[in-house]
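Below: the structure, in C-alpha cells.
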Amino acid sequence: MPDLPVTVDVHLPADWADEAMSVDIRRAFTQQPKQLPPMWLYDDRGSELFDAITRLPEYYPTEAERSILARRAPEIARITGADTVVELGSGTSDKTRTLLDGFADAGQLTDIVVLDVSEQTLRDAADMLAARYPGTEIRAVVGDFTRHLRHLPDTGTRLVAFLGGTIGNLYVEERRAFLGALADTLSSGEWVLLGVDLVKRIGRIVDAYHDDTGVTEEFIRNVVRVLNREMDADFDPDAFDYVPFWDAREERMDLRLRATMPMTARIERLDLDVELGANEEIRVEISTKFRPEKLSAELTEAGFGDLHWFSDHAGDFGLVLARRR
Ligand code: AVJ
C-alpha cells in the first residue's frame, strides 16, 4: 500500500506566535513577581538543550516514562480500543513511538495526529511517522495545547497523549482549564493518557534540575536570548544567576533567574522599559510533581472516569489513563 500523504493543518495566521509572544511577554514583565510562560523556552537552541537534559543521568523522568510505555503500550491499546493516537506538544515524537508501536502491533492504528507549536518540528515528526507507520493517516496541527485543542481533527476513537510531565508546567488554574478544555474536546468514550512526575525524595527531584554539567541552567538562561532576539530586547544574559528550588507548599520545582545587579532593559518590540532590582527574580518555569490521588480527583472533576495508573519500578513517574465520561 502506498503511504498516505501527510497533512499539515495550519489554522492559525502566520504571525500568531509573534502576537501570542508579545502578549505573553508584556504580561510577564508587568506582573509581580515577574513570570515568563515556559512555551518560549523552546526555540531551536532551547529544544536542543532540552534534548540534552533528557540524556542527563540526573534527569530520571524521560527514561522512567519510556520504561512504563515499553511495558504498558499493548495494555493501553487494549483497554482503550482507540484507533487514533493524538500527541500534544509532540516535539520530535521520539518516545511516542513506543506507545504507537503498541497500537500498530495490535493492528488498530488508523490515524496519528501530532500537535506542536513548531511547524518545522511537526513536518520532521510527520515524515518520520509516515515512514514508520505506512498505511496510517498522519495529520499534523500547528498550535499550542493550551489554546488550540479545538483544531484537533475528530477521527475515530481518540486517545490524546500528553507525555513527559509537561502538564507539570501549568499552574493549578491553568491545569484545571486545560483538563476542562480536553474534556470539552473529547466525546464520551474517548481517552487521555497523561505522563506525570511523582512526588518523591526531594534531593532526587532537585538534582534533576541542578545537574553537574550546567545544561539545565543553560536551558533556562536561553530564554533571555530568545527575548533579546524575538522581542528586540537588550537584557544581558550573564547578569542573571540560575536559582532552582523546591516549593514544598505547592510541591513543585520553581526555576528562576535572579538579577545579580539592578538593571534597566529595553524591550523594543513592546515599546517597554523593564526595571529589575538587585536580586529581583523572574520565574521562568515551574515543574509540578504529582500525588496520584490528587490528580485522580482533578480528572474526575473535569469529567473523566475509568482511571488506570501505571508506574515505573522505582515509582518515580506515573502514567494515568482516563476515559471521557
Ligand atoms: C518538559 C516540562 C517536562 O518540567 O521537567 C526540564 C522541562 N525544565 N528541566 C520538566 C525542564 C528543566 C520539563 N518538562
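The values are calculated or read from the model by the stated rules, or taken from the named source; none is laboratory data. A quick note: this is a predicted structure, and the numbers were derived from the prediction, not measured. All Cβ positions, even for glycine, are placed from backbone atoms using ideal geometry, and neighbour counts span all protein chains on display. With ligands, DNA and RNA removed, areas are computed over all heavy atoms of the protein, side chains included. Shrake-Rupley method; radii C 1.70, N 1.55, O 1.52, S 1.80 Å.
Descriptive notes on the structure:
- For the stretch 295-325, filtered to residues that are part of a strand (DSSP E or B) and within 18 Å of the chain's Cα centre (by Cα), the residue that is farthest from Trp191 (Cα to Cα) is Phe317.
- Search result, residues across the stretch 40-53 that are within 12 Å of the ligand (Cβ to nearest atom) and open to solvent by less than 40 Å² (accessible area, probe 1.4 Å): Leu41, Gly46, Leu49, Ala52, Ile53
- Scope the stretch 140-168; condition in a strand (DSSP E or B) and either within 16 Å of the ligand (Cβ to nearest atom) or at pLDDT below 95 (or both); matching residues: Ala140, Val141, Val142, Ala161, Phe162
- Within the stretch 232-243, restricting attention to residues that are in contact (Cβ under 8 Å) with a residue 12 or more places away in the chain and surrounded by fewer than 21 Cβ atoms within 10 Å (Cβ to Cβ), the residue that is nearest to the ligand (Cβ to nearest atom) is Tyr242.
- Residue in the stretch 67-86 that is at pLDDT 95 or above, within 16 Å of the ligand (Cβ to nearest atom) and on the phi < 0 side of the Ramachandran plot present: yes
- Of all residues in the stretch 216-228 being surrounded by fewer than 20 Cβ atoms within 10 Å (Cβ to Cβ) and within 13 Å of the ligand (Cβ to nearest atom), the one that is nearest to Ala265 (Cα to Cα): Arg221
- If you go through the stretch 169-194 and keep only what is out of contact with any Pro (no Cβ under 8 Å at 6 or more places or on another chain), within 14 Å of the ligand (Cβ to nearest atom) and either over 16 Å from Ala297 (Cα atoms) or open to solvent by 50 Å² or more (accessible area, probe 1.4 Å) (or both), you end up with Leu170, Tyr171, Glu174.
- The conditions of being within 18 Å of Leu41 (Cβ to Cβ), touching a residue at least 60 places away in the same chain (Cβ under 8 Å) and surrounded by 13 or more Cβ atoms within 10 Å (Cβ to Cβ) are met by Arg252.
- Some residue of the stretch 142-164 being touching a Pro at 6+ places or on another chain (Cβ under 7 Å), on the phi < 0 side of the Ramachandran plot and not acidic (Asp, Glu): no
- Contacts under 7 angstrom Cβ, first residue in the stretch 197-217 being polar (S, T, N, Q), partner open to solvent by 30 Å² or more (accessible area, probe 1.4 Å), 6 or more apart: Thr216/His210
- Taking the stretch 116-139 as the range and being surrounded by 20 or more Cβ atoms within 10 Å (Cβ to Cβ) and assigned to a loop (DSSP other than H, G, I, E, B) as the test, the residues that pass are Val117, Tyr133, Thr136.
- Where a residue in the stretch 282-294 is touching a residue at least 24 places away in the same chain (Cβ under 8 Å) and its partner, wherever it lies, is surrounded by 19 or more Cβ atoms within 10 Å (Cβ to Cβ) and assigned to a loop (DSSP other than H, G, I, E, B), with Cβ under 6 Å and at least six apart: Val284/Leu36
- Cβ-Cβ contacts under 8 Å between residues 6 or more apart (or on different chains), taken from a first residue in the stretch 308-325 that is within 10 Å of Ser67 (Cβ to Cβ) to a second residue that is assigned to a loop (DSSP other than H, G, I, E, B) and of a type outside the set (Phe, Trp, Tyr), are listed as Asp316/Lys200; Phe317/Gly165.
- Screening Gly107 on (1) in contact with a strand residue (DSSP E or B) (Cβ under 9 Å, 6 or more places away or on another chain); (2) at positive phi; (3) not basic (Lys, Arg) shows it passes everything except condition (1).
- From Thr96, Thr54, Thr7, Thr92, residue being at pLDDT below 95 and farther than 24 Å from Gly195 by Cβ: Thr7
- Of all residues in the stretch 195-215, those being in contact with a Gly (Cβ under 8 Å, 6 or more places away or on another chain) and either within 11 Å of the ligand (Cβ to nearest atom) or aromatic (Phe, Trp, Tyr) (or both) number 3.
- Val113 being part of a strand (DSSP E or B), open to solvent by less than 40 Å² (accessible area, probe 1.4 Å) and closer than 20 Å to Met21 by Cβ: no
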